[in-house]
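Here's the structure, in structure tokens; my notes come after.
The values are calculated or read from the model by the stated rules, or taken from the named source; none is laboratory data. All values derive from a computational prediction rather than experimental measurement. Cβ: placed from backbone, ideal geometry, glycine included. Neighbour counts: every protein chain shown. The area values use the complete protein model at the heavy-atom level, side chains included, leaving out ligands, DNA and RNA. Shrake-Rupley method; radii C 1.70, N 1.55, O 1.52, S 1.80 Å.
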Amino acid sequence: MRYLLISILFCVVSCTSYIKKNNYTNVAVDSQLVKNAYFSNQEKDYVYKAKINVYNNYFGGVFIVKKIADSNHRIVFTTEMGAKIFDFSFYKDEFKVNYIIDELNKKILLNVLEKDFRVLVRESQQVISKSEKQGVHILETKINNKTYFYKLLNNDVLKSIVRVNNGKEKVQFLFLNIHEATAKNIQILHSNIKLDINLKSIN
């Protein structure tokens, strides 16, 4: 019990330090859920030109996200010629590797990609706390026991998601050039490992 209390206290202090470091002020939570609608249209195939750099290896091609049903997405990454690089399925808390090339088939890397893409396509998340600064709102959430902050503008446009540990940014999801509920450009940037993902919409 003592260790549990210490862990909870440490998490609270870390999250508070991130908020204070960025000069945000805590405010009352007015919504229990934060939304990410960028991959929520079941009638649409989300197609991006992708560049993935991982441990000095480069992969380029076409990145496709398809919502199959509620809490069910499929993500496929192919070369420009159509050869599969990876093919993942997400259903609620389940994750299935349909295919992945040998160069990427490493347990640690698969774990990172699963976490990243699960956050990317997750449509709603419970809000723990809310902070704001000059019209920008920060909503704290927990996904798989990791702390994430969703950054929204005044008009509730989701601009970024940041995973924080010990008060420091570990992963950033940046949503840019937003048009008709679609982020035309998306970046996923890691600070503690050599992995970055750049997506540019082509549809």
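Descriptive notes on the structure:
- Taking the helices alone, the chain has a mean residue ellipticity at 222 nm of -6000 deg cm²/dmol, built from -39,500 (n - 2.57) per DSSP H run of at least 4 residues and averaged over all its residues.
- A straight line joining the Cα centroids of region 100-133 and region 143-203 runs 10 Å.
- Within-9-Å neighbourhood charge of residue 123 [Cβ basis; K, R +1; D, E -1]: +2
- Selection of trypsin sites (Lys or Arg not before Pro), region 69-124, meeting DSSP coil and at most 10 other Cβ within 10 Å: 92
- Square roots of 5 times each gyration tensor eigenvalue, C-alpha, the chain, largest first, Å: 29, 20, 16
- Among the listed pairs 20/51; 92/168; 20/200, those with a Cα-Cα distance over 30 Å are 20/51; 20/200.
- Accessible surface computed residue by residue for region 54-108, with neighbouring protein chains in place and a 1.4 Å probe, gives 62 Å² per residue.
- Ellipsoid fit via the Cα gyration tensor, region 35-133: semi-axes of 24, 17, 14 Å, each the root of five times an eigenvalue, largest first.
- Surface share of carbon and sulfur [accessible, 1.4 angstrom probe, percent] for the chain: 51
- With at most 10 neighbouring Cβ atoms within 10 Å, loop GluC sites (Glu not before Pro) (DSSP) excluded, longest segment of the chain: 81-179
- Helix 107-121 axis versus longest C-alpha principal axis of the chain: approximately 70°, rounded to the nearest ten.
- Selection from 129, 165, 34 lying farthest towards where the dipole of the chain points positive, charges on Cβ: 165
- Cα long-axis angle, helix 2-21 against the chain (0 to 90 degrees, to the nearest 10): 80
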